[in-house]
Amino acid sequence: MAQSPIRETDEEARALARRLIDEARHGALGVRDPETGHPVVSRVAVATDAAGAPVSLVSDLSHHTQALTRDPACSLLLGEPGARGDPLTHPRITLIATARFLRRGEDGHEALAVRYLRQQPKAKLYIGFGDFGFLRFEVTRALLNGGFGKAYALTPADLALRNPSGSSG
């Protein structure tokens, strides 16, 4: 009987997953094309909300926003290869999520905008544009690849999302 390549999730894997999320400043967002159903991937800027969950600032004009409006199922790949070595030996995490929009004027938008700009200061150029809003990723599971032979399946609890009213903001 073949042994599963997925390791049992341990504290080291949880800490690596949390670090990848906390340190990410951009990622690859996967959505389904509304016309064909085929996967489409876009690079998006990423930050975290006060609970530690990933968020992005997106334009209503973008293809990925239009796709997520029709089908909120998505994935977000975080983790970049280092300057040296084989890119496949560097850790990365795929977050499988449901997209939820937070529009200007909705409860929590202002606080998230302040936090987002601390993590993504260049967004100050366009955060006030009328077509921009926040995209929250409600993670349902995650696939962590810590490098060759280090694969893990994680739950939202493994990602240790913090209480949004806590002092981590």
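The values are calculated or read from the model by the stated rules, or taken from the named source; none is laboratory data. Please read all numbers here as calculations on a predicted model, not as lab measurements. Quick reminder, even Gly has a Cβ in these numbers, built from the backbone with ideal geometry, and neighbours come from all protein chains shown. When the accessible area is computed, the model is the full protein with side chains, heavy atoms only, and any ligands, DNA or RNA have been set aside. Shrake-Rupley method; radii C 1.70, N 1.55, O 1.52, S 1.80 Å.
Remarks
- Entry note, the chain: the mean residue ellipticity at 222 nm calculated from DSSP H runs of n ≥ 4, each adding -39500 (n - 2.57), is -5500 deg cm²/dmol after division by the residues and rounding to the nearest 500.
- Residue 86-residue 36 FRET efficiency (beta carbon distance; Förster radius 30 Å; 0.05 resolution): 0.35
- Rolling a 1.4 Å probe across all protein chains gives residue 150 an accessible area of roughly 90 Å².
- Checking (i) 2, 9, 18, 23, 22, 16, 8, 2, 0, 0; (ii) 2, 8, 17, 20, 20, 16, 10, 5, 2, 1, 0, 0; (iii) 1, 9, 14, 17, 16, 14, 11, 8, 6, 3, 2, 1, 0 against P(r) over Cα pairs in 5 Å bins from 0, in percent calculated from these atoms, the matching label is (ii).
- Heavy-atom accessible surface of the chain, averaged per residue, reaches 56 Å², computed with a 1.4 Å probe.
- Counting only Cβ charges, +1 for Lys and Arg and -1 for Asp and Glu, the dipole size of region 26-151 around its Cα centre is about 360 debye.
- Charged neighbours of residue 70, selected by a Cβ distance under 15 Å, balance to -2 (K, R count +1; D, E count -1).
- Within the chain, longest stretch clear of exposed GluC sites (Glu not before Pro) (DSSP loop, no more than 16 other Cβ within 10 Å): 36-105
- For the chain, the longest site-free run once chymotrypsin sites (Phe, Trp or Tyr not before Pro) in DSSP loop states with at most 15 other Cβ atoms within 10 Å are removed: 1-125
- For the chain, the share of accessible area belonging to carbon and sulfur comes to 56 percent (1.4 Å probe, ligands and nucleic acids excluded).
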